[in-house]
Amino acid sequence: MAPIVSVIMAAYNAEKHISASIESIINQTFNNFELLVINDGSTDNTQSIVKEYCKKDSRIILLNNDKNLFVIKSRNKGIEKAKGKYIAILDSDDLALPNRLEYQVKYLENNPDIFLIGSSAYIIDENDKVENSFIAPTGYEKLKNNINKNNLIYHSTVMFRNENVFYREKMIYCEDYDLILRLFSERKKIDNLSDILISYRQTSNSLSKTKNRLVQWLFINKARFFYNERLSTGKDSYESFDPKSFTQIYNINYPIIKDDCLFALKICLYRRDRETMRFLLKKYQKNYPISLYFIFYYLVSENKSIFSILGKFFSKI
């Protein structure tokens, strides 16, 4: 008999927290589930930890990648194998509160017009201490009207109908947001529960604290660009998109679309990253003729006081 819910957990070198994440699913008040853990070529004890849980609980299934394929391909692999009516996502360092599956299954069963449901979340540190909370906005119309400005859904909270929906592999760092935007453009209804149903772990090496934050912003902006394309024309230009133009942004010889480079310069001002702005100006000059935008960013980058003032202004809007 097929399970009602397939929980997808991608894991890479997750030995520190994966036991707690698995336990949080085992201890659910709703028990008709399978937990598919995709070990993404881990070099620590992740695989052996999951194997021990598999021996104890037949609902837990271990899928191993021969090498590190990254989270998008790993999640897609889990979805391909999933037998459940619903797909639930939980990252390998997050925790599901005991009633998470029960509440979301009940909601989707009672609301057949809703395709995907999220929830509110606690924000915890590496030691499980609650640092803050995310109170999810609710209501399809409210979410639809604001989704192009902010991702209003924490991805470890989502449960959606298992109807052949996958992540797009080029949308690195924002595959979750891209999925949500695609569902909205397909007119699938999405909502949040106000209940807090997971604990989302924010670690010291989270993306927002690293150099890759600029790269993530570029992908987020591209996801919004694709969303607007679909709303205008019914399709987007994803197939022709080269993700290396973003992942190789610090390579001065790798080309980048002019508008994307200008957006990166804007983000540097927002983040008050003068060093990267100067580098990107060199990259822009190498690939494109000088424009008014270039002159503006160049003059700003050369004046430390103006850069600081404008950076503070941009960070507040």
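The values are calculated or read from the model by the stated rules, or taken from the named source; none is laboratory data. Remember, it's a predicted structure, so these values are computed and weren't measured experimentally. For neighbour counting, all protein chains shown are included, and Cβ atoms are generated from backbone atoms with ideal geometry for every residue, glycine included. Just so you know, the surface numbers come from the protein's heavy atoms only, side chains and all, with ligands and any DNA or RNA stripped out. Shrake-Rupley method; radii C 1.70, N 1.55, O 1.52, S 1.80 Å.
Observations on the structure shown:
- Value of D in µm² per second that Stokes-Einstein yields for the chain, Kirkwood Rh from Cα pairs, at 37 °C (0.692 mPa s): 155
- The stretch 1-42 - percent of accessible surface contributed by carbon and sulfur, probe 1.4 Å: 50
- Here the stretch 1-60 is treated as a Stokes sphere of Kirkwood radius computed over C-alpha pairs; at 10 °C and 1.306 mPa s its diffusion coefficient rounds to 135 µm²/s.
- Amide H contacts for I60 (H built 1.01 Å from N in the peptide plane; partners 5 or more residues away or on another chain; cut-off under 5 Å): L35.
- Accessible-area composition of the stretch 131-181, carbon plus sulfur, in percent [1.4 Å probe]: 43
- A 1.4 Å probe run over the protein chains yields, for the chain, 50 Å² of accessible area per residue, whole-number rounding.
- A protection proxy built from the mean count of other Cβ atoms within 10 Å ranks the segments 59-66, 283-290, most packed first, as 59-66, 283-290.
- Probe 1.4 Å, all protein chains present, accessible-area order of Y238, Y86, Y107, largest first: Y107, Y238, Y86
- Adding -39500 (n - 2.57) for every DSSP H run of four residues or longer, then dividing by how many residues the chain holds, sets the calculated 222 nm ellipticity at -13000 deg cm²/dmol.
- Mean projected area (nm²) of the alpha-carbon convex hull when the stretch 1-138 is viewed from all directions: 8.8
- Rule-of-thumb Rg ratio for the stretch 131-266 [Cα; 2.2 N^0.38 Å; N residues]: 1.12
- Under 17 Å from K142, Cα to Cα: aspartates and glutamates that are on another chain or at least 8 residues apart: D113, E186, D191
- Note on K51/L299: beta-carbon distance plugged into 1/(1 + (r/R0)^6) with R0 of 51 Å gives a FRET efficiency of 0.30.
- Too-long pairs where the Cα-Cα distance tops 32 Å, listed order kept, from K56/K106; K55/K188; K56/K170; K188/K286; K170/K282; K83/K235: K55/K188; K56/K170; K188/K286
- R271/D44 FRET efficiency (R0 25 Å; Cβ-Cβ; nearest 0.05): 0.20
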